[in-house]
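To start, the structure itself, in structure tokens.
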Protein chains: 2
Amino acid sequence: MAVGTESGSGGVAESAPSTPMSAMTTTPISARSVRWESDMPDIEEGGGGLERPLLRRRGTNTTSQMAIVGANVCPIESLDYELVENEVYKQDWRSRGKLQIFHYQILKWVLALLVGLIVGLIGFFNNIAVENIAGFKLLLTTNLMLQNRYKAAFLWFISCNAMLAAAAAALCAYFGPAAAGSGIPEVKAYLNGVDAPSILAPSTLFVKIVGSIFGVSAGFVLGKEGPMVHTGACVASFLGQGGSRKYGFTWNWLRWRSALLWRTFSTTAVAAMVLRSLIEYCRSGNCGLFGKGGLIMFDVSSQVTSYTTMDLAAVVLLAIVGGLLGALFNFLLNRILRVYSYINEKGAPYKIILTVVISLVTSCCSFGLPWLTACTPCPPELAASGHCPTIGRSGNFKNFRCPPGQYNAMASLFLNTNDDAIRNLFSGGTESEFGVPMLLAFFTAVYSLGLVTYGVAVPSGLFIPVILSGASFGRLLGKLLGALTGLDTGLFALLGAASFLGGTMRMTVSVCVILLELTNDLLLLPLIMLVLLVSKTVADCFNKGVYEQMVRMKGLPYLEAHAEPCMRSLVAGDVVSAPLIAFSSVESVGTVVDTLRRTGHNGFPVIEDAPFAPEPELCGLVLRSHLLVLLRAKTFTADRVKTGAAEVFRKLAPFDFAKPGSGKGLTVDDLDLTEEEMAMYVDLHPIANRSPYTVVENMSLAKAAVLFRQLGLRHMCVVPRTPGRPPVVGILTRHDFMPGYIRGLFPNVLRE
Amino acid sequence: MAVGTESGSGGVAESAPSTPMSAMTTTPISARSVRWESDMPDIEEGGGGLERPLLRRRGTNTTSQMAIVGANVCPIESLDYELVENEVYKQDWRSRGKLQIFHYQILKWVLALLVGLIVGLIGFFNNIAVENIAGFKLLLTTNLMLQNRYKAAFLWFISCNAMLAAAAAALCAYFGPAAAGSGIPEVKAYLNGVDAPSILAPSTLFVKIVGSIFGVSAGFVLGKEGPMVHTGACVASFLGQGGSRKYGFTWNWLRWRSALLWRTFSTTAVAAMVLRSLIEYCRSGNCGLFGKGGLIMFDVSSQVTSYTTMDLAAVVLLAIVGGLLGALFNFLLNRILRVYSYINEKGAPYKIILTVVISLVTSCCSFGLPWLTACTPCPPELAASGHCPTIGRSGNFKNFRCPPGQYNAMASLFLNTNDDAIRNLFSGGTESEFGVPMLLAFFTAVYSLGLVTYGVAVPSGLFIPVILSGASFGRLLGKLLGALTGLDTGLFALLGAASFLGGTMRMTVSVCVILLELTNDLLLLPLIMLVLLVSKTVADCFNKGVYEQMVRMKGLPYLEAHAEPCMRSLVAGDVVSAPLIAFSSVESVGTVVDTLRRTGHNGFPVIEDAPFAPEPELCGLVLRSHLLVLLRAKTFTADRVKTGAAEVFRKLAPFDFAKPGSGKGLTVDDLDLTEEEMAMYVDLHPIANRSPYTVVENMSLAKAAVLFRQLGLRHMCVVPRTPGRPPVVGILTRHDFMPGYIRGLFPNVLRE
């Protein structure tokens, strides 16, 4: 769902919104200065205000500069992984001694380890908090039940859940709207190069941690895995940007940009070690009532030594049905999220109400379904040893209104934390524990609750709902096919979870790794791989993966790895937005300030023209942020002459040009220039990136897109094919490669 | 070690070898036809024959067009991952129906699964063959020993090994020189874009499989893991290229180019499943004498529940020393390989002699060291149960000249297959089994033998020697530090292996995965990660990883992911090789044939000039292979006019232009043209790639290198910065980015 606002008022748009290429080529830019005359439609004017009668196909770049992040709408920016090779950079690079480089290397490592340490601590804290809050809630409920005070138990249970839900939703709605949802689509988009200031903000981090604890403790059918991924990204961004000026935490570390595999790996190692040692510590009973939870290690204890063709056929059937149900899940989730976004748009109170309603429904299911389930007699051998029914919180055989010697199977799944429910479903050698009608009811409930829960304004992961419903589906199918196969129903539950994960998320390799980590049994690898392969293939016939769907629905301009087929019929010049706004290599201060104020563009080509070059040629590309730093230093001259880099370095250090953290950059309003200064000139040579990536205007758009995406660019200059034209005919940005924009320009191109 | 030959006589060079850019710019190419006058130095003339007194820095591109593949020298080519967007491609793409695309998709999947199936079968065959050959050899030796016929046993053992070694070496030397060594450097280089026809040839595949079985059975200190990687690559290439014309296996499948992660994953899954089911089959005793080996699953049975600070300190110490020894291994291996390459260059008989000599040394060590080792009394509890000493092939406690109730620890390691030796070293709960002096002797022997064995002309993996020496080192250190830590010596052996792998190969993530697969215990993950991290960091201070070293030594033009610092001071125009050889868009047949005959270039820019364009402009790039196909079809005209694509499609189908498998392409000599035809014209428009990637001549070389590497290019056009010059000033190829070439051009650039 594309957001309504066409191009926001924030100064964040990259692409000029008006006259496209063909108009452009008929009105070549003059060497300087007339380019920003007010008759050019501009981004603040909503774009397309002044239509021209030329060859233009459509006025504005229709892709939105805003996206839904969490449950709110945010302005977005692109990230730039290109090396800005200007004189400042070169000077900086030359001036660094070996010691400084070594220092920088060490710093990056320390940072990576610190991120691991902090994320490990957060993960541990999260686990402990959930175990204790949810445990306390469930313990009191169970105690009230044992005293036959059912109404009190239900009231306590439902109000506890509703309060926790309301707290989580209020935090999300008022303090960190970007923290709602799983966060994986946002992180995915960030890694793709899309930045919204709020995605990784400190407030988001705080709400993500606390809201996730409340949400999980509130008994929702949601997980804490996705939020933990987002939390990790927030922590790394916070540390890497040298803290947050807004909240008064700042330090002067260097910016930290792209994480490498190897450093990521060590960070993960540190996080895992921290978590492990803390869990060891808790084994001694130092962490409150319920410290024994922690790392989920499901025990699929059935030794799979061999399987027959019949077993394989059953597994393939499971994978196909799982894939179908996964695709259906994606389809329904998409519909439900569209409805929810109308409710969420109405404001914070509506978000809270929606969350509480879903909480009440969930509580009624959790408490009501066991109520409707008949008691099952305990297996004799367990009853004798006193393991059934279990009194208290953990254990497979919940006593819930049942006479001694019997247990309530539904309560074993619903009146537990989600982690424990999964552990119970995965457990091997327990064929008779859960009956077919009971599994069917549980599956239906969890599948539906998972669908309606995701869109509420609470940090909510999708892994747990998908695994829960997949596991109950797998166990159900395993029981139905029991006569045909010799495989354990616990194993069927695991494979069912795999088929659902493959069917919804379509991430095969990572899901495989996650399931292996959960079960710690590498011998299951071939079966899990087979299931993932089949279910992903089946589901791919119907729709896209759930995260891709969400990225699209949120309006995040995600660049696909492969170019769309329609791009093969177009050339770069076809989509370029014009009029081009360019600067002379030595430009009047007034012009620069005026342009910065009037446009939202973030990169401007610099043209070398008379008297500095006999014919106009492309000198480079300047960034808005660098221009602002340069203007504030006021290295101006009265005449139009080159001042050179030395003048700049007298007033500024290379560090002044370092990329600011989100929300910390200068704006035009920070400049304080007099009338005389506005009439002076500023030399842009020292800050111009002399090696911008360029494509010729008749380059195939598909190949230009590959270049743009592979190199992680933010701006790409389009140069003319033939001489005698202005040296640059346009700038391509992320938005120019969006299929929606291209379809808007050329409605017929897809049908060819 | 760079190979002596400067630029081979094969038609494989991509870059023009002479006058660089600065000379070039002073003599702009005329619009057409004079470019290949004979006064231009050419590749067949050895390059640099006609030095010019201009601004040239150095005449030829000094990077070799040849590389050592296996133990021989081969001509190399670059691979090209760029989409050739010419009219043929567009026509092909347009003409494909949905059914054909679906068919193509299915075909790719079938191919992927088939590769998995075949590789699984080969792996299984390999295992079984080694187990049976080596097992038979060792069984007979043991039997002779038990009869006290020591001399006969030694003679049988040493001659068996020598014969197997000679057979493997002869196969390698005469039939598949490219099969020598591990093959990982070659596969790495291939994935980077370097192709030598022999790397993935069917003969290489055959020798790799059989030679590896012989080599491992011969008792060398080498592994079969690297060769298996290479084998898999060969199988995929063989199937993907539609078989081999040379050996009479051909089929008309489409070419198969780039493998995606997801398809790779399924291929692996199939291979794993095939292997597993075959091993199941063998458990029933259907696979000869020794069918029980198979998948190595080391049993580090010690349950690591917790570790103290002291334990961690010991592990870090182990990792540091392991990193140092790993770096030393790389250094020594480098030296030894240089010596060996002199021997190997002398011819096949020398290769065989070297191999047999190393085999004799290995045999003496394997048989002699146990001889010198004193017998150890069996642990009483094992002696009572009859598990010590073990008679026959497997088991920890080898009886070797020892009286009953005693065993020879050295024989347990040496008179075993390498897999069993590793299993013995890793085994937990066996503190007292191996003594300190014995471990020291074994470590020294294996470390040295691993070094001297790798370079012989036999398929030989490095994993096993590194793991063996690492494991013995770890166990040794574990025994020495035994008083300080409570960790099992088997665990120390595993961590020692990890430290050696980190120290030599520097591949952390994959090594971690491999070790986890071997031990099947995810709880060891944090410790293994820590060890890898430390040992890699330590070793990185001294030299590069062993595979990077080998890629460099073999002269394979590997493009690093990061540009060299010196490239930041240069621009693309600085390294471009000239004179540029270009074609007109409608060119005389004689000129084209002449050029193809006289140069080895694989890509030529096409210039659109009068009368087709008012001013010369870059029309595109044509490939040698496409030119040859076009010329053979003889779509010539008497006058210099455009014929267009229709004429071409009347005679040729898009499939005719498909990339031929190695050694299957046309050459100039396949053309049979009359004098009249040579005087006619050929229209190059239909086969010209209209969207070649271009950089401006003043683009920073570092950024051009990033573009080249990221997009997997083979040719990149350099265009002029200012108008009024020829539309393309040069072509950049892989060789132009090699640090050696750049240092040759600008000897001072690195010292800045």
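The values are calculated or read from the model by the stated rules, or taken from the named source; none is laboratory data. Note that the coordinates shown come from a computational prediction; the quantities given were computed from them, not determined experimentally. All Cβ positions, even for glycine, are placed from backbone atoms using ideal geometry, and neighbour counts span all protein chains on display. We work out accessible area using only protein heavy atoms, side chains counted, and drop any ligands, DNA or RNA first. Shrake-Rupley method; radii C 1.70, N 1.55, O 1.52, S 1.80 Å.
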**Study point:** Close pairs from the stretch A:518-533: first more than 9 Å from chain B (Cβ to nearest Cβ), partner at pLDDT 85 or above and open to solvent by 20 Å² or more (accessible area, probe 1.4 Å), Cβ under 9 Å, at least 6 apart
**Key:** A:Val531/A:Val316
Point to revise | Hey, A:Thr444 within 30 Å of A:Ala165 (Cα to Cα) and in contact with a Pro (Cβ under 9 Å, 6 or more places away or on another chain) or not | key: no
Practice item. Quick one: which residue in B:Ser499, B:Ser460 is more than 14 Å from chain A (Cβ to nearest Cβ) and within 22 Å of B:Phe542 (Cα to Cα)? Key: B:Ser499
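Of the residues that make up the stretch A:584-596, is at least one more than 27 Å from A:Thr674 (Cβ to Cβ) and either more than 14 Å from every other protein chain (Cβ to nearest Cβ) or open to solvent by 20 Å² or more (accessible area, probe 1.4 Å) (or both)? Let's see the steps before the verdict.
Quick first cut of the stretch A:584-596, residues more than 27 Å from A:Thr674 (Cβ to Cβ) only: none.
So far as the stretch A:584-596 goes, no, none of its residues is more than 27 Å from A:Thr674 (Cβ to Cβ) and either more than 14 Å from every other protein chain (Cβ to nearest Cβ) or open to solvent by 20 Å² or more (accessible area, probe 1.4 Å) (or both).
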Check your understanding: Any residue at all in the stretch A:699-719 that is small (Gly, Ala, Ser) and away from every other protein chain (no Cβ under 14 Å)?
Key -> no
**Study point:** Filter result for the condition that a residue is within 14 Å of chain B (Cβ to nearest Cβ) and part of a loop (DSSP other than H, G, I, E, B), over A:His601, A:His562
**Key:** A:His562
Exercise for review: Within the stretch A:573-587, identify whether any single residue is in contact with a Phe, Trp or Tyr (Cβ under 8 Å, 6 or more places away or on another chain), assigned by TED's automatic domain parsing to the domain that holds A:Arg709 and among the acidic types (Asp, Glu), and answer yes or no.
Suggested key: yes
Check your understanding: Of these, B:Tyr81, B:Tyr104, B:Tyr89, which one is open to solvent by 30 Å² or more (accessible area, probe 1.4 Å), modelled with pLDDT of 75 or more and of a type outside the set (Gly, Ala, Ser)?
Key -> B:Tyr89
Check your understanding: Restricting attention to the stretch A:488-503, does a residue exist that is surrounded by 20 or more Cβ atoms within 10 Å (Cβ to Cβ), over 14 Å from A:Gly322 (Cα atoms) and among the polar types (S, T, N, Q)?
Key -> yes
Check your understanding: Taking the stated definitions as given, is A:Val436 touching a helix residue (DSSP H, G or I) at 6+ places or on another chain (Cβ under 9 Å), hydrophobic (A, V, I, L, M, F, W, C) and surrounded by fewer than 22 Cβ atoms within 10 Å (Cβ to Cβ)?
Key -> yes
Check your understanding: In the stretch B:706-752, what residues are at pLDDT 85 or above and of a type in the set (Phe, Trp, Tyr)?
Key -> B:Phe708, B:Phe737
Check your understanding: Which members of the stretch A:598-612 meet the condition of being over 21 Å from A:Ser78 (Cβ atoms) and either open to solvent by 10 Å² or more (accessible area, probe 1.4 Å) or not β-branched (Val, Ile, Thr) (or both)?
Key -> A:Glu608, A:Asp609, A:Ala610, A:Pro611, A:Phe612
Exercise for review: For residues that are among the aromatic types (Phe, Trp, Tyr) and in a helix (DSSP H, G or I), scanning just the stretch B:304-358, find the one that is surrounded by the most Cβ atoms within 10 Å (Cβ to Cβ).
Suggested key: B:Phe329
Point to revise | Residue count, the stretch A:686-696 (criterion: open to solvent by 10 Å² or more (accessible area, probe 1.4 Å) and more than 11 Å from every other protein chain (Cβ to nearest Cβ)) | key: 0
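Taking the condition within 27 Å of the chain's Cα centre (by Cα) and without any contact (Cβ under 8 Å) to a residue 60 or more places away in the chain, does B:Gly724 pass?
no
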Check your understanding: Restricting to the stretch A:611-670, what's the tally of residues that are over 31 Å from the mean Cα position of the chain (by Cα), under 23 Å from A:Leu83 (Cα atoms) and within 14 Å of chain B (Cβ to nearest Cβ)?
Key -> 4
Point to revise | Filter pass, A:Val115 being under 22 Å from the mean Cα position of the chain (by Cα), within 21 Å of A:Lys208 (Cα to Cα), of a type in the set (A, V, I, L, M) and away from every other protein chain (no Cβ under 13 Å) | key: yes
